[in-house]
1. May I ask you to say which residue of Glu17, Glu3 is in a helix (DSSP H, G or I) and acidic (Asp, Glu)?
2. Within segment 41-81, take every residue that is in a helix (DSSP H, G or I) and of a type in the set (Ser, Thr, Tyr) and give me the one that is nearest to Ala15 (Cα to Cα).
Amino acid sequence: MNEIKPNAVYTTQEAQEVLKISDSTMKRLLKKGLIKANKIGKQYRILGHELLKILSPVVDEKATDLYQKVKIKTIAKTKDW
């Protein structure tokens, strides 16, 4: 896995591989709320945004800012459709 996409959805296994952490560490991060996840059935799903936040808050902030700019431009262009 080369690139973390902010809006992509990752399984706990995929997140562990990206972060290079063990299963027990992943469980601890989820339990403490350091990584936010949504539980679907019996499995957790984690947004790439959360992984970026753990790895580098600066990168996460830049990705969020870029997403917001694109969102605003898209809304403006499609407003009159």
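1. On the way: Glu3 fails: in a helix (DSSP H, G or I).
Matching residue, one of Glu17, Glu3: Glu17.
2. Taking segment 41-81 and keeping what is in a helix (DSSP H, G or I), we get 48-55, 57-78.
Of the ones still in play, those that are also of a type in the set (Ser, Thr, Tyr) are 64, 67, 74, 78.
Working: Thr64: 19, Tyr67: 21, Thr74: 30, Thr78: 35 Å.
For segment 41-81, the residue satisfying everything is Thr64.
Readers should treat all values here as calculations from the given coordinates under stated rules, not as data from a laboratory. A quick note: this is a predicted structure, and the numbers were derived from the prediction, not measured.
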